[in-house]
Amino acid sequence: MTKLPHLHPVALYHNPMADRQAPYGAAQRRVLNLEAHDAARREIAAWPGYAPTPLVALPGLAAAAGIGRLWFKDEGGRFGLGSFKALGGAYAVFRLLAAEVARRTGGPAPSAADLLSGKHRDVVSSITVTCATDGNHGRSVAWGAQTFSCGCVIYIHATVSDGRRDAIAAFGATVVRTAGNYDDAVRQAGADAAANGWMVVSDTSYEGYMDVPRDVMQGYTVMVQEAVEQLPPGERPTHVFIQAGVGGLAAAVCGHLWERWGADRPRVVVVEPDKAACLFESARAGRPMAVHGDLDTIMAGLACGEVSLLAWTILAPGADDFQTITDEAAKDAMRLLAAGTGGDRPLVAGESAVAGLAGLLCALGNGQAEALGLGPDSRVLLFGSEGDTDPDLYAAIVGRSAEQVRAA
Ligand SMILES: Cc1ncc(COP(=O)(O)O)c(C=O)c1O
């Protein structure tokens, strides 16, 4: 049997606020709901290049881990941008531009087709969107801005790699590198936007700033619904291990499945790097808590110290468990997927993409199966949220490039 690299330390906290019988309530519906999901899906599915990403079954790895089924939603090919984030930021850019055109012209909100045809070019080209990013969100906002022809300025913090910077600049955005961590870059983007009249397209929400990040998260639910439809007929997951930065992705997964499946939804385990575990600490405190410092983790997309309040509205009552993992666990999980286990197809998944898998394997390897209700009948759904979005880092960790892994 394959030996799994899963003996890294893992912290686990069962969420005492979780209530599996509670209905998906009004507070949660104000954040995400199925009507807004349908609108996002209709819109995004009409964009050029849209295709559902694959849900890959990993029977070899499931058998080696001692569980029944394992599915991996591989977001590496999403819109050619390399991550699920393509669904969120770009959708929010579209929604902002459409609302602004309606406001300035006094007419109805234009469709994406209207904007793509250049119908409101005069209004749109006078608008600049901006955000802070650790890479993937900024890439999505820059791509949305280029697609719909508005201006774009993206802020990255000190430790975002040059590879990620270049990928954003390739979509025509001006990229500004700031001192400090991600949360400092968020503040800088906000201050410069206020001074210059730009529109902030943030993937995190805070007091007084909710509409745009709500659209971002609603865009993510397109990925979740794809997975629902790709599961084998009659089979539902018992568990989801989902990685978190500010919590938007985890809340989209938890909220969408909660509203769709109610009490039959899978157990949701939220996984964070131990160096940036703001949701874990918030769960322990029973309220949103920030963690400080340089949040130094290779899981760049998860290096966030402050919880998104919208995400918290869903995760506080909806997430069953919170877990932290180490960078070493993430590296091992990347190598494991790249190698393929027991005949499974090798998969390319980046540092942030594998955190859910690493959390699952570390829990199993550290005697936490029982605490999480994991056993031979468990069916686990994972979201591989990015491919090799930083190709050099990927090759340094895995020892081969993504192309070599795919060719194996
Ligand atoms: C690849 C990847 N996975 C997961 C996340 C976490 O998403 P969120 O910050 O919404 O929790 C990010 C965020 O940037 C990401 O880039």
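Of note:
- Accessible area per residue in Å² at 1.4 Å probe, computed on the range 89-202: 38 Å²
- For the chain, the 222 nm mean residue ellipticity estimated from helices alone, with every DSSP H stretch of n ≥ 4 adding -39500 (n - 2.57) and the total spread over all residues, rounds to -12500 deg cm²/dmol.
- Solvent-accessible area per residue, Å², over the range 21-71 with all protein chains present [probe radius 1.4 Å]: 46 Å²
- The alpha carbon convex hull volume per residue for the range 124-176 rounds to 53 Å³.
- Rough spin-label spacing in nm, given labels placed 7 Å along Cα→Cβ, for Asp184 and Gln230: 3.8 nm
- Dipole moment magnitude, nearest 20 debye, the range 349-402 about Cα centre, only Lys, Arg, Asp, Glu C-beta charged: 180 debye
- Largest first, the extents of the alpha carbon coordinates of the range 219-326 on the three principal axes equal 46, 27, 23 Å.
- DSSP bridge pairs, the chain: antiparallel proportion in percent, nearest 5: 20 percent
- Contact order, relative form, for the chain: 25 percent (alpha carbon pairs under 8 Å, 6 or more residues apart, mean separation divided by residue count).
- The Cβ shell under 15 Å around Thr221 holds other residues with a net charge of +2, Lys and Arg each +1, Asp and Glu each -1.
- Taking every Cα-Cα distance in the range 89-202 and sorting them into 5 Å bins from zero, the calculated P(r) comes out as 2, 14, 24, 23, 17, 10, 6, 3, 1 percent.
- Mean separation of Cα contacts under 8 Å, 6 or more apart, over the residue count of the range 89-202: relative contact order %: 28 percent
- Carbon + sulfur, % of accessible area of the chain - ligands and nucleic acids excluded, 1.4 Å: 51 percent
- Rounded Å value of the spacing that divides the Cα centres of the range 38-89 and the range 272-300: 26 Å
- In this structure Trp71 has an accessible area near 10 Å², from a 1.4 Å probe over the protein heavy atoms.
- Net charge in the neighbourhood of Trp71 (other residues with Cβ under 14 Å of its Cβ; Lys, Arg +1, Asp, Glu -1) is -1.
- Put simply, the range 292-408 fits an ellipsoid with semi-axes of 25, 20, 12 Å; these come from the alpha carbon gyration tensor as the roots of five times its eigenvalues, largest first.
- Values of log10 I(q)/I(0), in the order q = 0.13, 0.18, 0.20 Å⁻¹, for the range 134-293 under a Debye, Cα-only, solvent-free model: -0.73, -1.23, -1.38
- The Cβ shell under 11 Å around Leu96 holds other residues with a net charge of -1, Lys and Arg each +1, Asp and Glu each -1.
- For the range 10-75, the Kirkwood estimate of hydrodynamic radius, built from reciprocal distances between every pair of different alpha carbons, is 16.1 Å.
- Alpha-carbon Rg/Rh ratio, for the chain, with Rh computed the Kirkwood way: 0.95
The values are calculated or read from the model by the stated rules, or taken from the named source; none is laboratory data. Model, not experiment: these values are computed from the prediction. With ideal geometry, Cβ positions are generated from the backbone for all residues, glycine too; neighbour counts draw on all protein chains shown. Quick note on the areas: whole protein, heavy atoms, side chains included, nothing else; ligands and nucleic acids left out. Shrake-Rupley method; radii C 1.70, N 1.55, O 1.52, S 1.80 Å.
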